[in-house]
Amino acid sequence: MMLSKKIRIAALATAVMAFTSGGALAQKKYDTGASDTEIRIGNIMPYSGPASAYGVIGKTEEAYFNKINAEGGINGRKIKFITYDDSYSPPKAVEQVRKLVESDEVLVVFNPLGTPSNTAIQKYLNAKKIPQLFVATGATKWNDPKDFPWTMGWQPSYQSEAHIYAKYLLKEKPEGKVAVLFQNDDFGKDYLKGLREGLGAKSSMIIAEESYETSEPSIDGHIVKLKASGADVFISVTTPKFAAQAIKKLAEIDWHPLHIVSNVSASVGGVIKPAGFENAQGILSAAYAKDGADPQWDHDPGMKAFFAFLAQYYPDGNKLDASVVYGYGAAQTLVQVLKQCGDDLTRENVMKQAASLKDFEPDTLLPGIKINTRPADFAPIEQLRMMRFKGEKWDLFGDIINGDLSN
Amino acid sequence: MSAAEEVVTEAPAVEAVPKRAMTLGYGTSLVVLGLLIAVPLFAKNFIIFQMTMLLIYGLAVLALNILTGGSGQFSLGQSAFYAIGAYTSAILMEQYNVNYALTLPIAGVICFAAGFLFGQPALRLSGVYLALATFALATAMPQLLKLGFFEKWTGGVQGLVVTKPDAPFGLPMSQDMWLYYFTLVITIAIYIFSVNLLKSRSGRAFMAIRDNEIAASAMGIDVALYKTLAFGVSAGITGVAGGLGAIAVQFVAPDSYTITLAISLFLGMVVGGVGWLPGSIVGSAFIIFVPNIAEGISKGLSGAVFGVLLFLVIFLVPHGARQVAIIGQQLAAKLKKR
């Protein structure tokens, strides 16, 4: 009898041990900013100042997280989205991000906007090992997991977009003479660099370059100069206001080169319509997201979900505004990452999951464009599709092109 | 009425502030100093960082205060000198591996020279015209910093990332706390220097020019020299503040030093009280914290809320913090009598 009792105790002990160790395996793990009920997400946006038009991205994201919370949150946890204004000023960005990290104690800093602001906070966040996740800028330097393992981009980089145009030109117009108009800032220069790299040995195709400052009231002078160079390809690396001016001016001076507009300014509502549909026929660009103004997506299930979200959670949001589409897609990607994290909400695991997204397709991306990341590849969206403006909308053509910088 | 008479009867642009009213009493100074030393010991790193920025902007406002409150000249171009100081420190630290503490006097000297030189053509201008000329300087600076020619040093539009210094001698304090006390020592040194400057012969010359240029020159003051000197000193202090700012923020970029910064500094001076040096810290607190408060009230309308708050301050206490301090003093005196 003694023996059987001993055995029973031993069995019980093993069972208890098994249970506790099993419990340890499924134990919830948290870093500062996450708990059983809440995940705190920080963000900075230029709600005021020169880039305040982008502020709607933050508002859209806030509305999207409200929707997620109303639907029960992520694995039972509600998202608390704390967003501050940095007025597009790097010193202010540092102050606000430090407030988010040290005072609000957020788990991650998500989608902070602007190359200067992100450069200013990158070193700090990496030193503190806090994810600087899906930064809202197209600079190429965010894909650098070796030196900055806590920083990750989201949208296609300017350089990879430029590569796509270079590939197109080499194929379709190898004898072309290219004139480039670019904005004199990180966006313009990154782009130009990508273009030169993409053209490779044939970078002498670029016969004229003109840069402009955002403070210039008109860029007409530059365009006249570029026309005089005798180029037959015009690449407009411009932000919306100037892209529209360029399209108009080209028509005015009767110059009809092959016209490529950067994706930043491909908005039908914000650029093409003000410049006049008749002036914009045949313009080329590339896209990765669907355009809310384009009727071809009216019956698309992804865009239907997007429109339903706008109607219920963000009625002020303008579906024609590309920034709204952008904020929705970025927020959806973050939610996917947090879902993958399960109950292991440590900063390390957030980065690990963000670096192992597999064929994820947010509602607002073009069909076939998928988000893929690896520990050595911190560039979530790398594909774009070329498109040509026809009538009152963009016509997509050709295959999805990978602008991957490694090939 | 002759032109000269007209100038004489015209009210001075900046109200005359008696010398003694420019500083705090010893008791109050010690209390403020004690607070500035003690608070970081109990605060989070983020608060310490904010206090560091408070001191840095305080220095920049103080510099403007010497120029406007002391010598009666306006400037909307302080952001340009701040930028020169910041870039000088950043470039020396990152490209030439100079110790951060050594970069500050260099930044100060370079800015002093820049300010002194800019003061020469500015001599011919006064009042709003001078303000406009300096305004041009502030608008030009960010674009100059982006020029391809300087890109080797400035990093162009991408700016420069600056390494934050560790506490020396293995002192057991965080980088933030070390930088705070480092800034505090410099701030106190510059504050004492400024107070003594304004009390000195040169300071009296500044104020004589401010109160009445013609009378000042009749007294034998070299108006041109002292006006440019005021510009130089102001620019030099702003440059030191800029250098400290670059180290604290760990990043310099052209977009950090736009005209908005110049206007903020001007705002800080007015809110703190023109010509009242201790007000500089109050003004600096206003430009750092009030935008945050405004944002807390309404995100979409933060600019409008800020405007309303600013309007209230200007309307209720047009002489800024100095007026509040005087009212406080009078109340205290009344209480004592009873």
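The values are calculated or read from the model by the stated rules, or taken from the named source; none is laboratory data. Just so it is clear, the structure is predicted and the values come from calculations on it, not from any experiment. Quick reminder, even Gly has a Cβ in these numbers, built from the backbone with ideal geometry, and neighbours come from all protein chains shown.
Highlighted here are the helices (runs of 4 or more DSSP H) found entirely within the range B:247-338 that include at least 2 residues which are in contact with a Gly (Cβ under 8 Å, 6 or more places away or on another chain): B:259-272, B:279-297, B:321-337.
Hey, among A:K319, A:K352, which residue is touching a Gly at 6+ places or on another chain (Cβ under 9 Å) and of a type in the set (K, R)?
Values: A:K352 fails: touching a Gly at 6+ places or on another chain (Cβ under 9 Å).
Being touching a Gly at 6+ places or on another chain (Cβ under 9 Å) and of a type in the set (K, R) holds for just one of A:K319, A:K352, which is A:K319.
Looking for something in contact (Cβ under 8 Å) with a residue 12 or more places away in the chain and closer than 19 Å to B:A107 by Cβ - is there at least one such residue anywhere in the range B:263-279? Reasoning before the result, please.
Kept after step one, since they are in contact (Cβ under 8 Å) with a residue 12 or more places away in the chain, are these residues of the range B:263-279: B:263-279.
Going one step further and asking which of them are closer than 19 Å to B:A107 by Cβ, we end up with B:265.
Checking the range B:263-279: at least one residue is in contact (Cβ under 8 Å) with a residue 12 or more places away in the chain and closer than 19 Å to B:A107 by Cβ.
Return the residue satisfying two criteria in turn: it lies in the range A:66-79 and is part of a helix (DSSP H, G or I) and of a type outside the set (A, V, I, L, M), and of such residues it is nearest to the other protein chains (Cβ to nearest Cβ). Per the stated criteria, the residue is A:N66.
Yes or no: the range A:229-237 includes at least one residue that is in contact with an Asp or Glu (Cβ under 6 Å, 6 or more places away or on another chain) and modelled with pLDDT of 90 or more. Before the answer, list the steps.
First pass over the range A:229-237, keeping only residues in contact with an Asp or Glu (Cβ under 6 Å, 6 or more places away or on another chain): none.
No, the conditions are met nowhere in the range A:229-237.
Annotation note: Cβ proximity below 6 Å between a residue of the range A:265-292 that is on the phi > 0 side of the Ramachandran plot and modelled with pLDDT of 90 or more and a residue that is assigned to a loop (DSSP other than H, G, I, E, B) and surrounded by 17 or more Cβ atoms within 10 Å (Cβ to Cβ) (sequence gap 6+ or interchain) occurs for no pair. For the range A:195-223, a residue qualifies if it is assigned to a strand (DSSP E or B), at pLDDT below 90 and farther than 20 Å from A:Q245 by Cβ, but none of them does.
In the set A:Y326, A:Y314, only one residue is within 14 Å of chain B (Cβ to nearest Cβ) and within 24 Å of the chain's Cα centre (by Cα); that residue is A:Y314. Evaluating A:E361 against the criteria (1) in contact with a Phe, Trp or Tyr (Cβ under 9 Å, 6 or more places away or on another chain); (2) surrounded by 16 or more Cβ atoms within 10 Å (Cβ to Cβ); (3) of a type in the set (D, E) leaves one unmet condition, (1).
The set of residues in the range A:266-289 that are surrounded by 23 or more Cβ atoms within 10 Å (Cβ to Cβ) and under 27 Å from A:F360 (Cβ atoms) comprises A:A266, A:S267, A:S285, A:A286. If I filter the range B:143-158 down to residues being closer than 15 Å to B:D255 by Cβ and small (G, A, S), which single residue comes out as surrounded by the fewest Cβ atoms within 10 Å (Cβ to Cβ)? Across the range B:143-158, the extreme among qualifying residues is B:G156.
Taking the range A:80-120 as the range and being farther than 16 Å from A:T32 by Cα, touching a residue at least 40 places away in the same chain (Cβ under 8 Å) and within 8 Å of chain B (Cβ to nearest Cβ) as the test, the residues that pass are A:T83, A:Y84, A:D85, A:S87, A:Y88, A:S89, A:T115, A:P116. Taking the conditions (1) outside any helix (DSSP H, G or I); (2) away from every other protein chain (no Cβ under 14 Å) in turn, A:G138 satisfies each one other than (2). The condition (being outside any strand (DSSP E or B), closer than 30 Å to A:K370 by Cα and at pLDDT 90 or above) is satisfied by just one residue among A:L192, A:L250, A:L226: A:L192. Out of curiosity, is B:L335 of a type in the set (A, V, I, L, M) and within 14 Å of another protein chain (Cβ to nearest Cβ)? So B:L335 does not fit the description; no.
Scanning the range B:93-109 for residues that are of a type outside the set (S, T, Y) and either surrounded by fewer than 20 Cβ atoms within 10 Å (Cβ to Cβ) or within 20 Å of B:M269 (Cα to Cα) (or both) turns up B:E94, B:Q95, B:N97, B:V98, B:N99, B:A101, B:L102, B:P105, B:I106, B:V109. Close Cβ contacts (under 7 Å, 6 or more residues apart or on different chains) running from residues in the range B:117-144 that are more than 14 Å from chain A (Cβ to nearest Cβ) to residues that are modelled with pLDDT under 80 and crowded, with 18+ Cβ neighbours inside 10 Å comprise B:L130/B:A122; B:A133/B:A122. Only one of the listed residues (B:Y87, B:Y129) is more than 30 Å from A:Y124 (Cα to Cα) and outside any loop (DSSP other than H, G, I, E, B). That residue is B:Y129.
Answer yes or no as to whether B:I293 is within 17 Å of B:S79 (Cα to Cα) and either more than 14 Å from chain A (Cβ to nearest Cβ) or modelled with pLDDT of 85 or more (or both).
Details: within 17 Å of B:S79 (Cα to Cα): no; either more than 14 Å from chain A (Cβ to nearest Cβ) or modelled with pLDDT of 85 or more (or both): yes.
So B:I293 does not fit the description; no.
One line per residue, one yes/no per condition, for (1) more than 14 Å from chain A (Cβ to nearest Cβ); (2) crowded, with 24+ Cβ neighbours inside 10 Å; (3) at negative phi:
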{"site": "B:V39", "(1), (2), (3)": "yes, no, yes"}
{"site": "B:K44", "(1), (2), (3)": "no, no, yes"}
{"site": "B:I47", "(1), (2), (3)": "no, no, yes"}
{"site": "B:I56", "(1), (2), (3)": "no, yes, yes"}
{"site": "B:V61", "(1), (2), (3)": "yes, yes, yes"}
{"site": "B:Q73", "(1), (2), (3)": "yes, yes, yes"}
{"site": "B:Y82", "(1), (2), (3)": "no, yes, yes"}
{"site": "B:Y87", "(1), (2), (3)": "no, yes, yes"}
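A quick yes/no check of all residues on (1) aromatic (F, W, Y); (2) out of contact with any Phe, Trp or Tyr (no Cβ under 6 Å at 6 or more places or on another chain); (3) within 14 Å of chain A (Cβ to nearest Cβ):
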{"position": "B:G232", "(1), (2), (3)": "no, no, no"}
{"position": "B:I237", "(1), (2), (3)": "no, yes, no"}
{"position": "B:G242", "(1), (2), (3)": "no, no, yes"}
{"position": "B:A262", "(1), (2), (3)": "no, yes, yes"}
{"position": "B:L265", "(1), (2), (3)": "no, yes, yes"}
{"position": "B:W276", "(1), (2), (3)": "yes, yes, no"}
{"position": "B:I281", "(1), (2), (3)": "no, yes, no"}
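Among all positions in the range B:128-139, there is no residue which is at pLDDT below 80, in contact with a helix residue (DSSP H, G or I) (Cβ under 7 Å, 6 or more places away or on another chain) and surrounded by 15 or more Cβ atoms within 10 Å (Cβ to Cβ).
Look through the range A:35-55, keep the residues that are modelled with pLDDT of 90 or more and outside any loop (DSSP other than H, G, I, E, B), and return whichever of them is farthest from A:N318 (Cα to Cα). The qualifying residue farthest from A:N318 (Cα to Cα) is A:E38. So which residues in the range A:193-216 are within 12 Å of chain B (Cβ to nearest Cβ) and of a type outside the set (D, E)? Selection gives A:K193, A:S211, A:Y212, A:T214, A:S215.
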